[in-house]
1. Restricting attention to the stretch 100-126, and to residues there that are open to solvent by 20 Å² or more (accessible area, probe 1.4 Å) and not polar (S, T, N, Q), which single residue is nearest to Pro365 (Cα to Cα)?
2. Kindly evaluate Ser214 against the criterion of being among the polar types (S, T, N, Q), more than 28 Å from Ser227 (Cα to Cα) and out of contact with any Pro (no Cβ under 7 Å at 6 or more places or on another chain).
3. With the structure loaded, tell me whether Ser344 is modelled with pLDDT under 95 and in a loop (DSSP other than H, G, I, E, B) or whether it fails that test.
4. Could you go through the stretch 415-423 and let me know if any residue there is in a helix (DSSP H, G or I) and either of a type in the set (A, V, I, L, M) or in contact with a Lys or Arg (Cβ under 7 Å, 6 or more places away or on another chain) (or both).
5. Does the stretch 30-70 hold any residues that are among the hydroxyl-bearing types (Ser, Thr, Tyr) and part of a loop (DSSP other than H, G, I, E, B), and which are they?
6. Please verify whether the stretch 219-226 includes one or more residues that are under 16 Å from the mean Cα position of the chain (by Cα), over 22 Å from Ala125 (Cβ atoms) and outside any strand (DSSP E or B).
7. Test Glu228 against the stated conditions and say whether it is within 27 Å of Pro259 (Cβ to Cβ) and either in the same structural domain as Asp130 (by the TED database) or open to solvent by 10 Å² or more (accessible area, probe 1.4 Å) (or both).
8. In the stretch 68-101, what count of residues is obtained for those that are touching a Ser or Thr at 6+ places or on another chain (Cβ under 9 Å) and of a type outside the set (A, V, I, L, M, F, W, C)?
Amino acid sequence: MSLKGRGRGTAHLYVVGAWPRDAESPEERPQFPGASAEFAERLEFIQPQVLAGIPVYRVMDRQGQVLRPSEDPQLPKEQVLKLYRTMTLLNTMDRILYESQRQGRISFYMTNYGEEGTHVGSAAALDASDLVFGQYREAGVTQVSPGVLLYRGYPLELFMAQCYGNARDPGKGRQMPVHYGCPERHFVTISSPLATQIPQAVGAAYAIKRADASRAVVCYFGEGAASEGDAHAGFNFAATLECPVVFFCRNNGYAISTPTSEQYRGDGIAARGPGYGLLSIRVDGNDVFAVYNATREARRRAVAENQPFLIEAMTYRVRPGKKPDPPLRGLGKVGGGIGHHSTSDDSSAYRSVDEVNYWDKQDHPISRLRHYMARRQWWDEAQEKAWRKNSRKMVLEAFEQAEREPKPPPQLLFSDVYREMPPRLRQQREQLERHLETYGEHYPLQQFQK
C-alpha cells in the first residue's frame, strides 16, 4: 500500500494542468503565490474525464484470498476473531433495535448493514487515546464493540439505554436514538446535522497539535455530508494548519435516496483531496484489512508529520442477512428487508431488489472475513452457530434490561447547561413542577424516575 506524498501536505495522486513547454529556467517559471505550476502556451481546459479514476486499494478478494502477501497485516488470530465478532455483534444489535423501532418501542434507529468493515477495520487501527468524531453509523467504532464504540468496549447496556432514553442513559434521555457519546472512550457525542463534526474535528486536531500530544483525530462522514460547506471548510483548515486528522468518508452510493450520480460529477470524494492538499486514498470498504492498513498508516503519518489524510471507503448499504432471527419475545420475527438509510426511510422506492441482493450475496464484509478465517481453519460452522446464539442472548439481555428501566426524572430537562441555573430556567422548572402537581394524572409519571 502506498499513500504517496511529495512534500508536506501535497498529494501526489496525479497532475492536472495544461501542457507546458519543455524545461524552463527558474526565472521563466510562474511566481504566482497561489499555485504551483508551469506556463503553457496552448489554450486548453482540463476535462474531468481525462484523468484516470483513483484505484480502489484492497488486500483480499471476495473469497477472502489475500492477493499480495506483503499487504496482509498479519494480525494475530485473536484480533481477527475480535474483528469478526464485533462485526457480527453489531449486525445482531441492529436487527433487534431496528425491529423494536418498527414495534414502537423506540422512536428511531439507523442500521449499519453492509458497512461493518469500514467501522471495525478503522477502529482496530486507532490508538485508544485517539479522539473520534462520528456520524450516526459509527456505533461499530464503540461497542464490544458494535462499530467504533463497540470495538472500544462500550457496553451493550449503554447502547440500549441511549436508544431507549432511560435513566441509565449517559445523555439522560435528551438525545434521539443512535446519538452516542463517551468521554472515557474519547468518542464525541454524535450530532444529527450533516458535516458539523468535520470543522469541529479539525479544531480538536489543531489543539492536539499545539499541545504536542501525539494523538490523532479521526472524523467519520458519508459522501453525502461531503457536499456540505462544512466539509470544504474543514478540509481547507486541516491542510493549511497542518493538523493531525484523518478524514474517513464512507461512500455507500446514496445520500439517503440521492445516488452518487446526482450528488457529484467528479471521481468520488478521494479525488477532492489533492485540491485541498490532503494525502488521499480510496479503499475497498468491504475489505476489513484494506481499511485497517489504510487507517493505520494514515494515523501513523498524521501524528508523526502533523498533516491531514483523506480515506474514501467504498461500500454499500445492504440487507441484514439471508436468514431472519428467531422471534423476539413480543416482537415477532426480526430481520429481512433491506438496509434503509434509517427507520424513516424506505429504500425500496429508489433501489431495486436485484441491486441490493447483489451486494448482500456477492460482496459483504462479514462473509469476506469469514472466508479468510475459514481458509486458516480459525472458524467453522459449529463456532458460528455458538457465537450467533451467544451474541443474540447478550443483545436480548441488554434489550430487556433497557425496557425495564424507568425514564430519567423530568427535572433533568433543566440541568447540565449552565454552572449556575439562570433565573429564567429556574422559573420554567418551577412552572413544570406546578403543572405536574396539578395535572400529573394525565401523564405517565409512573414511568419516570423520581
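The values are calculated or read from the model by the stated rules, or taken from the named source; none is laboratory data. None of the values given here were measured: they were computed from a predicted structure. Cβ coordinates were reconstructed from backbone atoms using ideal geometry, including for glycine residues, and neighbour counts include every protein chain displayed. These accessible areas exclude ligands, DNA and RNA; they are computed on the full protein's heavy atoms, side chains included. Shrake-Rupley method; radii C 1.70, N 1.55, O 1.52, S 1.80 Å.
1. As a first pass, look at the stretch 100-126 and keep what is open to solvent by 20 Å² or more (accessible area, probe 1.4 Å): 101-105, 107-108, 126.
Filter once more, so that each one left must be not polar (S, T, N, Q): 102, 104-105, 108, 126.
Details: Arg102: 26, Gly104: 30, Arg105: 30, Phe108: 25, Leu126: 19 Å.
Here the residue is Leu126.
2. Working: among the polar types (S, T, N, Q): yes; more than 28 Å from Ser227 (Cα to Cα): yes; out of contact with any Pro (no Cβ under 7 Å at 6 or more places or on another chain): yes.
When the stated conditions are applied, Ser214 passes them.
3. yes
4. Going residue by residue through the stretch 415-423, those that are in a helix (DSSP H, G or I) are 423.
Right, trim to either of a type in the set (A, V, I, L, M) or in contact with a Lys or Arg (Cβ under 7 Å, 6 or more places away or on another chain) (or both) and you get none.
Looking for residues that are in a helix (DSSP H, G or I) and either of a type in the set (A, V, I, L, M) or in contact with a Lys or Arg (Cβ under 7 Å, 6 or more places away or on another chain) (or both), one finds none in the stretch 415-423, hence no.
5. First pass over the stretch 30-70, keeping only residues among the hydroxyl-bearing types (Ser, Thr, Tyr): 36, 57, 70.
Selection gives Ser36 alone.
6. Pass one, the stretch 219-226, residues under 16 Å from the mean Cα position of the chain (by Cα): 219-226.
Restricting the remaining residues to those that are over 22 Å from Ala125 (Cβ atoms) gives 224.
From what is left, the residues that are outside any strand (DSSP E or B) are 224.
The answer is yes; a qualifying residue exists.
7. Values: within 27 Å of Pro259 (Cβ to Cβ): yes; either in the same structural domain as Asp130 (by the TED database) or open to solvent by 10 Å² or more (accessible area, probe 1.4 Å) (or both): yes.
When the stated conditions are applied, Glu228 passes them.
8. Of the stretch 68-101, the ones touching a Ser or Thr at 6+ places or on another chain (Cβ under 9 Å) are 82, 85-86, 88-95, 97-98, 101.
Now restrict to residues that are of a type outside the set (A, V, I, L, M, F, W, C): 82, 85-86, 88, 91-92, 94-95, 98, 101.
The total comes to 10.
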